[in-house]
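The structure appears right after this line, and notes come after that.
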Amino acid sequence: MSDAAIDVEGLEKRFGKVEALRGVDLQVPPSTVLGLLGPNGAGKTTAVRILTTLLHPDAGRATVAGYDVVRQAEQLRHVIGLAGQNAAVDENLTGLENLEMVGRLYHIPAAEARRRGAEILERFELSDAANRTAKTYSGGMRRRLDLGASLVGNPQILFLDEPTTGLDPRSRLEMWDIIRELVKEGTTLLLTTQYLDEADQLADKIAVIDLGLVIAEGTSDELKARVGGEVLAIRVAERERAAAAAGAVLGLGPGGGNVDNNSGEINVPVGSDGTAILTEAVRRLDAEGIGLADIALRRPTLDDVFMTLTGHAAESAAEAEEPSQDGGRSRKRERKREQA
Amino acid sequence: MSVTTSSPPKAPGFVANTVSDWWVMTKRNLTTYLRKPDLLVFSTIQPVMFVLLFVFVFGGAFELFLPGTISYVDFLMPGIFVQTGIFAATQTGVGLADDLQKGLIDRFRSLPMARSAVLAGRTSADTVSVGFQTVLMLVVAYLVGYRIHTSVLEALFAFVVIIGVGYVFTWVSAFAGLSLKTIEAVQAALFTVVFPFVFVSSAFVPPETFDAWLQPIADNNPVTIWVDLVRVLTLGDLITESDSPLFKDLPALSTLLWQSAAWAAGLLAFFYLLGVRVYRRT
């Protein structure tokens with residue numbers, strides 16, 4: 001048996017014809033944060049549901065804190081906390097009542113559960129709303145309450161499934177601060193996210209998951225190194241000309257690259273020939289008469305990593321019905337700008 | 001890591017914890033019940049409306065074939081009590097589907113709490129609501145002339161029968177809620193099943209007046225057996241001494257008792273097992 005807080009080997013799960021997990025391996029050392037990164041439908045939630053005993057795997061094995069997720073589910077539940085994708089709070093109970101209830105279900109004595117509940121509300125700046133029903137809470141407050149509920153049992157290992165999905169930028173930053181605090185105290189955390197910057201900000205190690213398989217694993221820097229060298233980032237002045245510009249410059253690098261027709265942004269991995277390719281790009285675009293709003297060489301982000309690894313953007317699977325296949329990306333970019 | 005146990009021994013406080021979990025969940029459901037005004041209104045106005053509508057709309061027609069010693073409201077109320085118990089139980093499935101959609105069931109299933117507590121707490125709380133609605137209807141019915149013609153003991157026993165039927169149906173409803181997963185589907189399914197089930201019985205109209213092919217169905221419908229039991233328990237001698245053809249096929253009290261108990265126990269066991277099974281793997 002390994003010393004990992006979470007140890008997963010060859011995990012498989014299918015739902016009818018859909019293979020949600022196709023042999024996932026993961027190791028999370030104690031007191032570290034693993035970011036499980038991937039688009040919707042990649043299998044992140046399925047993995048979390050298996051590790052928190054909500055689903056049985058079809059094949060493979062997994063232990064959490066040394067407990068087998070199938071055979072020792074009962075003991076396992078004592079040492080974990082889960083905050084799922086919805087803010088799973090009873091909206092007709094007050095904040096304090098919600099936490100007390102969860103505490104009682106961990107079999108903490110009533111007075112102690114109440115005290116812990118109040119403590120958590122205080123810490124997450126919900127004390128003023130402690131005696132209001134959760135119905136009256138904002139989305140960010142509900143998420144904080146939900147996260148609080150997952151902490152009532154003092155879990156050794158915490159699972160957060162997309163903790164900031166659907167939050168406005170300010171609530172998202174607040175959530176990040178709270179999560180960073182928790183991690184400082186030594187809680188082992190497995191966090192799923194479709195936001196690359198979120199994994200970058202919070203996780204010690206990142207496992208990129210796509211179509212039920214872990215396709216890459218490493219620190220943020222290691223993953224960025226996979227893209228190799230720098231990225232040429234171009235923004236055209238007129239968005240309508242993004243496609244034409246992409247046609248002119250995408251072939252310049254050693255391979256790959258992507259264009260976002262909504263924002264008029266083009267990213268081209270350029271390896272170590274950055275300066276030469278930049279010059280060539282400017283020349284070509286000028287020849288085509290395409291005006292530029294911005295052009296620069298930058299270090300690769302996880303967005304670029306995801307593109308390189310999967311050939312599609314992180315959110316494209318989730319946003320398939322969007323009129324533009326890059327809708328999700330551009331929305332996310334807007335969010336980033338708001339934060340900046 | 002030094003984990004050697006392969007099957008978990010029951011913790012020392014297993015029974016105490018199970019009872020505590022059940023109580024925490026029951027209390028939660030009762031609390032939320034009181035804080036949902038729409039639900040409270042629905043579950044108080046509806047039974048009252050049923051009493052008043054049936055008594056004043058159908059009452060006149062009933063007078064025509066009931067024996068003179070039995071007033072229509074006395075005949076009708078046992079049917080309406082049982083019907084309300086059954087209808088009120090749909091709330092269980094709706095509540096569970098709601099918890100499921102909000103992710104609360106996932107949270108509960110990830111906690112070290114008794115596997116039975118979510119369902120047991122929900123069905124218990126909803127049964128309290130059935131009791132409350134029954135008492136409320138009793139008061140309203142009393143005001144429009146309803147009377148119980150038997151001893152307090154028999155009347156209390158009739159009350160237990162009504163609550164018992166309601167409890168059985170909270171488990172039917174729980175299974176529906178966990179299987180169908182959305183509030184709309186649960187409501188649609190329960191009403192398509194529950195309506196014919198309740199109407200093709202002796203609840204509102206004596207089965208003797210039904211189309212011939214419906215009569216055997218009605219006679220073997222557990223709702224008929226339960227309603228007949230409540231009727232015998234609240235009308236007493238008025239039925240046994242009546243020579244009306246409406247009551248000539250009515251089984252003896254002892255027969256009604258064991259048939260009622262057998263149906264209730266059978267349905268409860270069946271849907272309890274199904275419900276817990278679905279809960280474990282939802």
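Numbers at a glance
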quantity: Residue tally, condition in contact with a Phe, Trp or Tyr (Cβ under 9 Å, 6 or more places away or on another chain) and buried (at least 22 other Cβ atoms within 10 Å of the Cβ), over the range B:115-132; calculated: 11
quantity: Hey, residue A:97 crowded, with 20+ Cβ neighbours inside 10 Å, more than 24 Å from the chain's Cα centre (by Cα) and over 20 Å from residue A:45 (Cα atoms) or not; calculated: yes
quantity: Matching residues in the range A:55-71 - criterion: being over 20 Å from residue A:189 (Cα atoms) and within 7 Å of another protein chain (Cβ to nearest Cβ); calculated: A:71
quantity: Yes/no for residue A:87 being within 13 Å of another protein chain (Cβ to nearest Cβ) and crowded, with 19+ Cβ neighbours inside 10 Å; calculated: yes
quantity: Any pair with Cβ under 7 angstrom, 6 or more apart, that starts in the range A:130-149 at a residue that is touching a residue at least 40 places away in the same chain (Cβ under 8 Å) and ends at one that is of a type in the set (Asp, Glu) and surrounded by 14 or more Cβ atoms within 10 Å (Cβ to Cβ); calculated: A:133/A:91; A:134/A:90; A:134/A:91; A:135/A:91
quantity: Checklist (1) more than 14 Å from chain B (Cβ to nearest Cβ); (2) part of a helix (DSSP H, G or I); (3) within 28 Å of residue A:46 (Cβ to Cβ) applied to residue A:186, failing item; calculated: (2)
quantity: Residues being among the hydroxyl-bearing types (Ser, Thr, Tyr) and more than 7 Å from chain A (Cβ to nearest Cβ) - total across the range B:102-123; calculated: 2
quantity: Criterion: of a type outside the set (S, T, N, Q) and within 23 Å of the chain's Cα centre (by Cα) - qualifying residue of B:145, B:93, B:103; calculated: B:93
quantity: Test: residue in the range B:78-95 that is more than 14 Å from every other protein chain (Cβ to nearest Cβ), farther than 20 Å from residue B:42 by Cβ, of a type in the set (Gly, Ala, Ser) and in contact (Cβ under 8 Å) with a residue 40 or more places away in the chain; calculated: yes
quantity: Test: residue in the range A:127-149 that is touching a Leu at 6+ places or on another chain (Cβ under 8 Å), crowded, with 22+ Cβ neighbours inside 10 Å and either closer than 23 Å to residue B:115 by Cβ or facing chain B (nearest Cβ under 9 Å) (or both); calculated: yes
quantity: Residue within the range B:253-268 that is modelled with pLDDT of 85 or more, part of a loop (DSSP other than H, G, I, E, B) and surrounded by 17 or more Cβ atoms within 10 Å (Cβ to Cβ) present; calculated: no
quantity: The range A:199-222, residues that are surrounded by 21 or more Cβ atoms within 10 Å (Cβ to Cβ), in contact with a Phe, Trp or Tyr (Cβ under 9 Å, 6 or more places away or on another chain) and assigned to a helix (DSSP H, G or I); calculated: A:202
quantity: Failed item, numbered, when residue B:123 is tested on (1) out of contact with any helix residue (DSSP H, G or I) (no Cβ under 7 Å at 6 or more places or on another chain); (2) under 13 Å from residue B:174 (Cα atoms); (3) among the hydroxyl-bearing types (Ser, Thr, Tyr); calculated: (1)
quantity: Residue within the range A:258-272 that is more than 26 Å from residue A:19 (Cα to Cα) and assigned to a helix (DSSP H, G or I) present; calculated: no
quantity: Hits in the range A:41-54 - residues which are of a type outside the set (A, V, I, L, M) and either assigned to a strand (DSSP E or B) or away from every other protein chain (no Cβ under 13 Å) (or both); calculated: A:41, A:43, A:44
quantity: Residues of the range B:22-41 that turn out to be aromatic (Phe, Trp, Tyr) and crowded, with 17+ Cβ neighbours inside 10 Å, as a count; calculated: 2
quantity: Residue B:239 vs. criteria part of a helix (DSSP H, G or I) and modelled with pLDDT of 90 or more; calculated: no
quantity: Scan of the range A:227-242 for residues that are assigned to a strand (DSSP E or B) and at positive phi, ordered by number; calculated: A:229
quantity: Some residue of the range A:3-14 being within 27 Å of residue A:144 (Cα to Cα) and away from every other protein chain (no Cβ under 14 Å); calculated: no
quantity: Any hit, the range B:51-66, residues being in a helix (DSSP H, G or I), surrounded by 23 or more Cβ atoms within 10 Å (Cβ to Cβ) and at the interface with chain A (Cβ under 10 Å from one of its Cβ atoms); calculated: no
quantity: Of residues in the range B:24-35 being assigned to a helix (DSSP H, G or I) and facing chain A (nearest Cβ under 9 Å), the one nearest to residue B:116 (Cα to Cα); calculated: B:25
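Table: residues versus (1) modelled with pLDDT under 95; (2) over 26 Å from residue A:155 (Cα atoms).
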residue	(1), (2)
A:1	yes, no
A:4	yes, no
A:7	no, no
A:19	yes, yes
A:31	yes, no
A:40	yes, yes
A:50	no, no
A:63	no, no
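Table: residues versus (1) closer than 19 Å to residue B:21 by Cβ; (2) assigned by TED's automatic domain parsing to the domain that holds residue A:164; (3) at pLDDT below 95.
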site: A:84; (1), (2), (3): no, yes, yes
site: A:88; (1), (2), (3): yes, yes, yes
site: A:98; (1), (2), (3): yes, yes, no
site: A:104; (1), (2), (3): yes, yes, no
site: A:113; (1), (2), (3): yes, yes, no
site: A:116; (1), (2), (3): yes, yes, no
site: A:124; (1), (2), (3): no, yes, yes
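The values are calculated or read from the model by the stated rules, or taken from the named source; none is laboratory data. From a predicted model like this one, the values you see are computed outputs, not experimental measurements. Cβ coordinates were reconstructed from backbone atoms using ideal geometry, including for glycine residues, and neighbour counts include every protein chain displayed.
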